[in-house]
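The values are calculated or read from the model by the stated rules, or taken from the named source; none is laboratory data. From a predicted model like this one, the values you see are computed outputs, not experimental measurements. Cβ sites come from the backbone with ideal geometry, for glycine too, and all protein chains shown count toward neighbours. Note: areas computed on protein heavy atoms with side chains; ligands, DNA, RNA excluded. Shrake-Rupley method; radii C 1.70, N 1.55, O 1.52, S 1.80 Å.
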Amino acid sequence: MLKPLAFASAIALAGAPAIAGPYANVEMNGSYQDGYQGSTTEAHIGYKGGDGPYAFYAQVGPAFVTPRVGDAETELSGKIGGSVQASSQLNVYAEVGFMTDDVDPAFGTKLGATWDF
């Protein structure tokens, strides 16, 4: 149990992009299920860093939620993630994100790998 937690912590706390420091990120996600349901646009400020094959980032800011029907809302959202360059061709990454809500906050995860040819 502690080894997976230690590995996840290492991914989140270690990092290695070419340029470290603050950044801005604007991302829009649309939702489609039986037609267009709405969109969420996040306007985040963040920080990225790293060392060697490890990279990390953390970002936070407003999320503008625009449903197809109903009133638009502004929530708070954020993400923290990291990656490990496992080989010259394989990069493994993970991300945890959140968004506030009047009822319950929402959390999401992302885990993936990129293979360069």
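Here is how the numbers come out for the structure above:
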read-out	value
The stretch 54-117: trypsin sites (Lys or Arg not before Pro) in DSSP loop, at most 15 other beta carbons within 10 Å	ARG68
With every protein chain in place, the stretch 50-109: carbon and sulfur % of accessible area (1.4 Å)	60
